[in-house]
Structure formats: structure tokens, C-alpha cells
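First up is the structure itself, then whatever we jot down about it.
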Amino acid sequence: MSGELADLQSLGQGKVWEGVLTEQDYAMLDPLSVVSTRRTEEGMLCKIIADMPNVNSNMKLVNPTLEDGYLALLRDEALGRRGVFTDA
């Protein structure tokens, strides 16, 4: 693959969501979309990669990290989409 790290990070733009979910909402998530989870007193704090969250929650868009961009790239390739990176 070739490209700039900033380009890789930007692949997650508009696709990284974070919020506190109930156990029921968490169980509805696609496991492959989950980047991280942590139990809190309010519920499960989750970070996911998705075009739109598939749960009823207060999930908010967050700025992607380099890791998020990489995971978004892998997700898009698994779904048959092409990113800005190409095979070198």
C-alpha cells in the first residue's frame, strides 16, 4: 500500500462514533464494527466504525485516529469499496 498517513487517518472521517450504550444496544452492534469498549456506571462506552450507528443511542461522531483510519480502510475493503490507498 502507498499513501500519506494523513490520508489514511482521513479514511475514518465521518465513520467513527462513540457513546454510552445499554447492554441491549451493545448486543445489537456488528462485532466487526467495534473498535473499543469499556464498562462505565452509565453503561458500555463504545467506539465503532460505521457509516451510521445501527443502534438507538446518543452516539456522536468523533475525530478519527490513525488506527481508526486503518480500521475504516479494512472495513471498506471488506465491503468491496476502494479507498485512497492502492497496492504498491
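FYI, it's all coordinate maths here, none of it is from the lab. Keep in mind that this is a model prediction, so the values were computed, not measured. Backbone-built Cβ (ideal geometry, glycine too); neighbour counts: all protein chains shown.
Here is the size of the range 5-78 from its Cα atoms: Rg then Dmax, 12.0, 36 Å. Which residues does a label at ASN56 reach in the range 1-37, if reach means a backbone N under 14 Å from a point 7 Å past the Cα toward the Cβ? Under cut-off, by backbone N: 22-26, 28. Between LEU74 and GLU42, the modelled labels are 2.8 nm apart [label points 7 Å from Cα along Cα→Cβ].
Give, as ranges by residue number, the residues of the range 7-22 whose backbone N falls under 17 Å from the point 7 Å along Cα→Cβ of VAL34. Answer for this model: 17-22. Between 0 and 90 degrees, the angle of helix 66-78 with respect to the longest Cα principal axis of the chain falls at about 80 degrees.
Quick one: net charge around GLU18, please, counting Lys, Arg +1 and Asp, Glu -1 for every other residue with C-beta under 9 Å from its C-beta. Residues near GLU18 contribute +2 overall.
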